[in-house]
Amino acid sequence: MAAAAAEGAAAKALRAVLGRAAKAAERSGRAAEAVRVVAVGKTKPVSMVRELYDAGHRCFGENYVQEFVTKAPQLPEDIRWHFIGHLQSNKVKSLLAAVPNLHMVEGVDNVKIANHLDRAVSSLGRDPLKVLVQALVNCKLEVCKAIDMPAEQFELSMGMSGDFEQAIEMGSTSVRIGSTIFGPREYPNKKN
Ligand SMILES: *Cc1c(COP(=O)(O)O)cnc(C)c1O
């Protein structure tokens, strides 16, 4: 971590998030290292990602292919990039060519399904997040059983700025944090 005096707003926010994630991991009986924090810099400038890199962070996520292939080559090669958006098969090649240090692709098509479920569950008057997360955890356990894999080795990526502590407490191994670290996103045409 950079010296406190030189620390910018994003690095400071990251440090706070890492601390909160570590505490949540502890509450779930795990070490802080058991939970990965992916800093999601979509719509934010390369310089802000660089600030976090300089503060020691190495795990970053992007959500749009075009933005990703423009940004990643401007940043150090030991970054572990996570692509967390919808990836069309015809884009895979260009993505891999532009970002040799792509660490993981996290499909998020299930976010749509999750949103549908969320509405359905809300209308039943139950805490939608708890129900959803429990469904994911159950799903993970079933898959582990089916393929005979120890549950600790199975990644479960869930949790964003608004709910990451709760997600970690319930077993998430990877959280994707954007706005809490980088500040609110501004979209020119308010599509998202
Ligand atoms: C933007 C994004 C995030 C980060 O969202 P915040 O609420 O800003 O933390 C996480 N996951 C995906 C798939 C995203 O697109």
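At a glance:
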quantity: Test result for Pro45, within 16 Å of the ligand (Cβ to nearest atom), at pLDDT 95 or above and surrounded by fewer than 18 Cβ atoms within 10 Å (Cβ to Cβ); calculated: yes
quantity: Tally of residues being surrounded by fewer than 20 Cβ atoms within 10 Å (Cβ to Cβ), more than 17 Å from Leu129 (Cβ to Cβ) and within 9 Å of the ligand (Cβ to nearest atom) across segment 156-186; calculated: 3
quantity: Lone unmet requirement of (1) within 18 Å of Glu62 (Cα to Cα); (2) of a type in the set (D, E, K, R); (3) in contact with a strand residue (DSSP E or B) (Cβ under 7 Å, 6 or more places away or on another chain) for Glu186; calculated: (3)
quantity: Flag for His82 being within 24 Å of Phe154 (Cβ to Cβ) and modelled with pLDDT of 90 or more; calculated: yes
quantity: Complete set of residues in segment 138-158 that are of a type in the set (A, V, I, L, M) and within 20 Å of Ile84 (Cα to Cα); calculated: Leu156, Met158
quantity: Qualifying residues in segment 50-71 (those that are within 24 Å of Arg15 (Cα to Cα) and away from the ligand (no atom under 16 Å from the Cβ)) - the one surrounded by the most Cβ atoms within 10 Å (Cβ to Cβ); calculated: Glu51
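The values are calculated or read from the model by the stated rules, or taken from the named source; none is laboratory data. Small disclaimer: the values here were computed from a predicted structure and weren't measured. So basically every Cβ, Gly included, is an ideal-geometry build from the backbone, and we count neighbours across all protein chains shown.
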